[in-house]
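Enquirer: Got a structure for you, written out below as C-alpha cells; questions coming shortly.
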Amino acid sequence: MTRHLVGPVSELPPGSRKIVEVAGRSIGVFNVAGSFYALRNSCPHQGAPLCLGSIGGTAATSRPGEYTWGREGEILRCPWHGWEFDITTGRSVFNPHRMKVRSYDVTVSHELPDDVEIEMYPVEVEDGLVLLEI
Amino acid sequence: MSEPATSLAEAREADAERRQGIVDVDVHPVPSSVDEIRERMPMPFRDRYQGERRSFFNNPVHGSRLDAVPPDGGPKGSDPEFMRRQLIDEYGVAYAILVSRTFCNIHPDPDYAAAIATAFNEWLVEVWLTEHNHDGAFKGSITIAQQDPARAVEEIERWAGHEHIVQVTMDSGARMPFGQRYYYPIYEACERHGLPLSVHPGTEGMGINHQPTPGYPTHYIEWHCAMSLAFQAHLISILTEGVFERYPGLRLVLVEGGVAWLAPLLWRLDSYWKALRSEVPWLRKPPSEYVADHVRLGTQPLERPDDDAQLLQLMEMMDAKRVLMFSSDYPHWDFDSPARAFPRLDDDVREAIFSTNARELYQLNQ
C-alpha cells in the first residue's frame, strides 16, 4: 500500500472532485459532504471516463408511480450510458453486488507523512492533506 | 489538421493504415448552431425554422456523451477536429459514415420538410465532407424527407456522384410500412445511383408519424426500447412486398434498430411463407434469403446478455459475419465503444463486422 498526495483539503471542497494520475491509473477523488472517496476513472461497462460523469441524487426503488428522490451528491452517473454508481462504495445502483467500480481509501492527514509519493507538488499543510492509498 | 504526406513512402503508409481501420456506419455530425442550417434555407422557411426536434421522449439523463463537449465549446458532435480525436484517432476509425439528425420527417408540410433536408445536406457537404475532410475519413449520407417521394428523388439526384456521398438516409418514423409502393420512387433512385438506403430511428410517433406500439408509450425507456419494433415491421413489409424483386440492386442498411431479433423474426417469416407464399407469389425464395444479399444492420446498441456465449450463438444464427456492420452512434449517450461493445470475436468475424462488410457495401478502398 502506497500513499499518494492528492492535494490540500482546501482544493477539494464538498461536492467537488479531482482526477489524478497515480501509478499509471486515472483515479477520481471526491468530497461528498466533507468525506473523501476515490474511484477508478474507468466505467466497468465500456471503459468510459466514469469520474467525469454528473454528480447528483437518485430515485430510490419505490412502488409503481411513486418517486423517492434522495442521496443528493452521492451518486455518480457515467458520462456515456448513464449508469449510476454510489460514490461512497463504488457499487452500482442497479446491481450493487455484481457491478461495481474499484474504490480506494482516502485519508486526511495534518502532516506530510515520510512515505508519501510527491511529484513536485506545492503543499500547504494547515487545513489538512488528502492522501490516496493504492 | 495533419500535414499532407510529403513522400511516396508516407502516402503509401497512410493508405495502408486506411485499409486496415474500422468503418463506423452511424456517426452524428451536429450543426454548431441553428443558424448554420437556417442560413442555407430559402424564405419563407428560413424564418420558420427553429431547429425543431422531437418534442418529447427525450433522454431524461443525457442525450449525448458528457465528455463529447468540444474544447472550444459548441454542441457535442459539432467540431470535426474534436470528433477526429475522440472517435477516429482514439479507436483507429478509417471511415466515419455521417448521418445528420434533421428530424425533417416529423412535419406535416412536405415543402418545409424537404427544405430542412436540403439545408442539412448542403451543410454536411460543405462543412464536413469538404472543409474538414482533408483525409477523406468522413463519408456522408443524403438525408431525404419521405413526405414527398418525388422531391426526395430530386434531392438524391442532386448529390449522387459526390465523391464523399455513400448512401441515402431516412428516418424509421413513418406513416406506412416501407414495403409499400408510395416509397418506390425513392428505391428506384437509390438503385439507379448505387446508393444504399440507411434507415435510422428517432422520430417514431413524433409529428405525423405512427408509433410502432399500439399507442403512446409512457416513458423514454419504453419508447426507446420499442424503436426496434418499427425496424421489424419495416423489414417484414419490405421483404413480403417484394421490394428486392422490383429493385434487385437496392441495398438496405438498418442502423440503431437492434440486431438480436433478426434470426427469430426470419424463422417466423420463413415458416409463414411456406404456407402463405401464394399470397405473395413474387417471392422466389424464403424471405430470409433476401436479407443476406440486400440488408445490412448497424450493431449499436448491441444487445449484451450476461453470458457472452449466448450472444455469440445469436450472431451465428443471424449470419453476423455477413450482415452486421459496426456502428458507434457517436456522440450519443448509448455510444458503443469499438474496444468494448463486443465480446471477443474470431478474427475473421471481427474483420467482417468492423471493416470489410462496410467497405464492400460502400465501395470504400478495400
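The values are calculated or read from the model by the stated rules, or taken from the named source; none is laboratory data. Everything numeric in this text was worked out from a predicted model, so none of it was measured. Please note: Cβ atoms are built from the backbone with ideal geometry, for glycine as well, and neighbour counts cover all protein chains shown.
Enquirer: Take the residues in region A:83-102 that are buried (at least 19 other Cβ atoms within 10 Å of the Cβ) and either among the small types (Gly, Ala, Ser) or farther than 20 Å from A:Val32 by Cβ (or both), then tell me which one is farthest from the other protein chains (Cβ to nearest Cβ).
Expert: Across region A:83-102, the extreme among qualifying residues is A:Gly90.
Enquirer: For B:Glu10, indicate whether it is within 14 Å of chain A (Cβ to nearest Cβ), without any contact (Cβ under 8 Å) to a residue 24 or more places away in the chain, within 26 Å of B:Leu364 (Cβ to Cβ) and surrounded by fewer than 22 Cβ atoms within 10 Å (Cβ to Cβ).
Expert: no
Enquirer: Need the failing condition index for B:Glu316 against (1) in contact with a Gly (Cβ under 7 Å, 6 or more places away or on another chain); (2) surrounded by fewer than 18 Cβ atoms within 10 Å (Cβ to Cβ), just the number.
Expert: All conditions are met except number (1).
Enquirer: Quick one: which strands (runs of 3 or more DSSP E) sit completely within region A:29-134 and have at least 2 residues that are of a type in the set (Gly, Ala, Ser)?
Expert: Filter on region A:29-134 gives A:35-40, A:54-60, A:68-77, A:103-109.
Enquirer: List the strands (runs of 3 or more DSSP E) that sit entirely inside region B:75-187 and contain at least 2 residues that are aliphatic (A, V, I, L, M).
Expert: Filter on region B:75-187 gives B:93-98, B:165-171.
Enquirer: For B:Ala260, all conditions in the list (1) assigned to a loop (DSSP other than H, G, I, E, B); (2) crowded, with 19+ Cβ neighbours inside 10 Å; (3) not acidic (Asp, Glu) hold save one; what is the number of the exception?
Expert: (2)
Enquirer: Does any residue of region B:55-68 turn out to be modelled with pLDDT under 95, assigned to a loop (DSSP other than H, G, I, E, B) and farther than 29 Å from B:Val253 by Cα?
Expert: No, there is no match, as no residue in region B:55-68 is modelled with pLDDT under 95, assigned to a loop (DSSP other than H, G, I, E, B) and farther than 29 Å from B:Val253 by Cα.
Enquirer: Follow-up. Are any residues in region B:285-303 touching a helix residue (DSSP H, G or I) at 6+ places or on another chain (Cβ under 6 Å) and among the polar types (S, T, N, Q), and if so, which ones?
Expert: Hit for region B:285-303 is B:Ser288, nothing else.
Enquirer: For region B:58-81, which positions are within 21 Å of B:Gly202 (Cβ to Cβ), surrounded by 20 or more Cβ atoms within 10 Å (Cβ to Cβ) and more than 9 Å from chain A (Cβ to nearest Cβ)?
Expert: B:Ser64, B:Lys76, B:Gly77, B:Ser78
Enquirer: Of B:Trp273, B:Trp282, which residue is in a loop (DSSP other than H, G, I, E, B), in contact with a helix residue (DSSP H, G or I) (Cβ under 6 Å, 6 or more places away or on another chain) and modelled with pLDDT of 95 or more?
Expert: So the residue among B:Trp273, B:Trp282 that is in a loop (DSSP other than H, G, I, E, B), in contact with a helix residue (DSSP H, G or I) (Cβ under 6 Å, 6 or more places away or on another chain) and modelled with pLDDT of 95 or more is B:Trp282.
Enquirer: If you don't mind, there's one more thing I want to ask. Would you please name the residue that is farthest from B:Asn59 (Cα to Cα), looking only at residues in region B:330-362 that are touching a helix residue (DSSP H, G or I) at 6+ places or on another chain (Cβ under 6 Å) and within 14 Å of chain A (Cβ to nearest Cβ)?
Expert: If we take residues in region B:330-362 being touching a helix residue (DSSP H, G or I) at 6+ places or on another chain (Cβ under 6 Å) and within 14 Å of chain A (Cβ to nearest Cβ), then B:Pro343 is farthest from B:Asn59 (Cα to Cα).
Enquirer: Something else now. Please determine whether any residue of region A:34-47 is over 23 Å from A:Pro113 (Cβ atoms) and without any contact (Cβ under 8 Å) to a residue 12 or more places away in the chain.
Expert: Checking region A:34-47: at least one residue is over 23 Å from A:Pro113 (Cβ atoms) and without any contact (Cβ under 8 Å) to a residue 12 or more places away in the chain.
Enquirer: Mind counting the residues in region B:190-226 that are surrounded by 23 or more Cβ atoms within 10 Å (Cβ to Cβ) and assigned to a helix (DSSP H, G or I)?
Expert: Qualifying residue count, region B:190-226: 1.
Enquirer: May I ask you to say which residue of B:Tyr182, B:Tyr187 is over 28 Å from B:Ala96 (Cα atoms) and among the hydroxyl-bearing types (Ser, Thr, Tyr)?
Expert: B:Tyr182
Enquirer: Now for a separate question. Can you tell me which of B:Asp336, B:Asp307, B:Asp346 is of a type outside the set (Lys, Arg), surrounded by 22 or more Cβ atoms within 10 Å (Cβ to Cβ), without any contact (Cβ under 8 Å) to a residue 60 or more places away in the chain and over 28 Å from B:Phe244 (Cα atoms)?
Expert: The unique qualifying residue is B:Asp336.
Enquirer: In addition: Report, by residue number, each residue of region A:15-27 that is in contact (Cβ under 8 Å) with a residue 40 or more places away in the chain and farther than 12 Å from A:Ile134 by Cα.
Expert: Of everything in region A:15-27, those that are in contact (Cβ under 8 Å) with a residue 40 or more places away in the chain and farther than 12 Å from A:Ile134 by Cα turn out to be A:Gly15, A:Val20.
Enquirer: Look through region B:292-329, keep the residues that are more than 18 Å from B:Ser172 (Cβ to Cβ) and at the interface with chain A (Cβ under 10 Å from one of its Cβ atoms), and return whichever of them is farthest from the chain's Cα centre (by Cα).
Expert: Result: B:Asp306.
Enquirer: Restrict the check to region B:31-48 and report whether at least one residue is within 14 Å of chain A (Cβ to nearest Cβ), touching a residue at least 60 places away in the same chain (Cβ under 8 Å) and either among the acidic types (Asp, Glu) or surrounded by 14 or more Cβ atoms within 10 Å (Cβ to Cβ) (or both).
Expert: No, region B:31-48 contains no residue that is within 14 Å of chain A (Cβ to nearest Cβ), touching a residue at least 60 places away in the same chain (Cβ under 8 Å) and either among the acidic types (Asp, Glu) or surrounded by 14 or more Cβ atoms within 10 Å (Cβ to Cβ) (or both).
Enquirer: Here's a follow-up. Does at least one position in region A:49-63 carry a residue that is at pLDDT 95 or above, more than 14 Å from every other protein chain (Cβ to nearest Cβ), surrounded by 17 or more Cβ atoms within 10 Å (Cβ to Cβ) and under 15 Å from the mean Cα position of the chain (by Cα)?
Expert: No, that holds for no residue.
Enquirer: List every residue pair whose Cβ atoms sit under 7 Å apart, with the two residues 6 or more apart in sequence or on different chains, where the first one lies in region B:264-291 and is small (Gly, Ala, Ser) and the second, anywhere, is modelled with pLDDT of 95 or more.
Expert: That search, which allows pairs on different chains as well, returns B:Ser288/B:Leu266; B:Ser288/B:Leu269; B:Ser288/B:Asp270.
Enquirer: Give the number of residues within region A:7-43 that are within 14 Å of another protein chain (Cβ to nearest Cβ) and surrounded by 18 or more Cβ atoms within 10 Å (Cβ to Cβ).
Expert: Going through region A:7-43 one residue at a time, the tally reaches 5.
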